[in-house]
Amino acid sequence: MFVDKAKVFVKGGNGGDGLVAFRRELYVPEGGPAGGDGGNGGNVVFRVDEGLRTLMDFRYQKHFKATRGEKGRNKSQHGANAEHMIVRVPPGTIVTDDDTGELIADLTRHGQEVVVAKGGRGGRGNIRFKSSVNTAPAIAENGEEGQERWVTLELKVMADVGLVGFPSVGKSTLLSVVSAAQPKIGAYHFTTITPNLGVVDLDEERSFVMADLPGLIEGAHTGVGLGHEFLRHVERTRIILHVVDMSGMEGRDPFDDWVKINDELRLYNAKLADRPQIVAANKMDMPESEDNLAAFRDKVAEVRPDIEIMPISSLTKQGIREMLYRVAELLDSLPDIDDQEASEQAAKAEEGVVFRYEANDDMAFEISRDNEVYVIESEGIERLMRRTQFNSYEAVMRFGRILRGLGIDDALRKRGAKNGDTIRIGKFEFDFFEGGQDDYLFEEE
């Protein structure tokens, strides 16, 4: 089974918690803090493996979670960082965020890597909070949570040559003749429902990968028939080998077939109209093929005089060798897909890039009302709460001082908060009291 699309869940490992500890050696006067930092959580990393051809592995395993970092230790020892989770994907895999649709990576080269879920940072131990005014802090932080999200994997077959054309024009037969691939072949429409790859060996030093792609029908660019399930794979090919049935056995006109297929390619992606193309005029062993070919040449010359037309027969192998060597010559003159994409990106960069300064509003907050509860919304403050160890009195006092420093106390008073009102931040609720240092009594929902 060929699987070319999958949706998986990825989660980076949580960071290890920092530790509160003190030195207690007999001959060390006044001791001091000795709690180490927690280790960082592992990342989830996608790595390209050229030995893979499908996304079949993701059909059965859809959750990938990296391990968390170790907790901090006493004697000022830091916890170990977690190992990264390496997930192998085939070349040609496009990774997008399932919620936002944002492109995360386009993985094409063997060994190429991308971090799809970052691990959380380890929490700081109490050795990090020592100062001239607090020489024995009993404060440590929890490790940050690792990033988590659903991602969509979409595979676009990596091939040098892509066979396109209407169903039953002989694409699968041609691939079986020129390579060791054994695609399913039959005298009926839509035999090929998944791409088939074959390596064409011309001689000891020349070879290329050919893909037999599922047959198209009119309206495929809108999703009709196999639609996008096929067209996504054409984008990766360096040369389009357009197979046309010259016999007219199916009751179709060869020139109309050629025009319709090219229209579908252009409407799906305008760049495909400029992709090098060779027309393989197939089934030349049939009686009426010569007359059809002559008419086909005349019509194509009026529209695209640059298109090469090579008569072949997959059944008798007529013209196959000449066509393959012409394809190899054209491939030698073309850059790799990676180089083409790099050139396009460089061209875009030359057009000019506008850099904008964005202020760091990580600790910015908004206050709203939920019935009688005041709700404080802030990504940075919620993250600070998750890192705070509320079983420590000093940590609670530190958190309260940070809130006051951000102006949250004053903002709550302006919104009408009074003594005893309930304040909610993330999953925590606490009572609000004006005035003293010990204003906050935290309790989890």
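The values are calculated or read from the model by the stated rules, or taken from the named source; none is laboratory data. Note that the coordinates shown come from a computational prediction; the quantities given were computed from them, not determined experimentally. Neighbour counts run over all protein chains shown; Cβ positions are idealised from the backbone, glycine included. Note: areas computed on protein heavy atoms with side chains; ligands, DNA, RNA excluded. Shrake-Rupley method; radii C 1.70, N 1.55, O 1.52, S 1.80 Å.
Things to note:
- Working ranking of peptides 250-261, 411-422, 288-299, 271-282 by packing, defined as the average number of other Cβ atoms within 10 Å per residue, highest first, is 271-282, 250-261, 288-299, 411-422.
- With 20 Å as the limit, the listed pairs 75/130; 260/299; 5/260 have 5/260 beyond it between alpha carbons.
- Bridging of residue 11 to lysines at a Cα separation below 20 Å is possible for 62, 65, 71, 118, once same-chain residues fewer than 8 apart are set aside.
- Per-residue packing, averaged as other Cβ atoms within 10 Å, sorts the ranges 366-373, 328-335 into the order 328-335, 366-373, beginning with the highest.
- For residue 132 and residue 99, the difference between the fully extended length at 0.36 nm per residue and the C-alpha to C-alpha distance is 7.1 nm.
- Solvent exposure, largest accessible area first (probe 1.4 Å, DNA, RNA and ligands not counted), of 9, 433: 433, 9
- Here the convex hull built on the C-alpha positions of the range 241-341 has a volume of 106 cubic angstrom per residue.
- Residue order by solvent-accessible surface for 93, 316 is 316, 93, largest first, with ligands and nucleic acids left out and a 1.4 Å probe.
- The listed peptides 377-389, 115-127, ordered by packing as a protection proxy, come out as 115-127, 377-389 (highest mean of other Cβ atoms within 10 Å first).
- With the biggest extent put first, the Cα atoms of the range 49-142 measure 60, 27, 24 Å across the principal axes.
- Working from Cα pairs under 8 Å separated by at least six residues, relative contact order for the range 1-88 is 40 percent.
- The string of couplings for the range 415-432 from the Karplus curve (6.51, -1.76, 1.60, θ = phi - 60°) is 7, x, 5, 10, 3, x, 5, 8, 10, 10, 10, x, 8, 10, 10, 8, 8, 9 Hz, one whole number per residue in order, with x for Gly and Pro.
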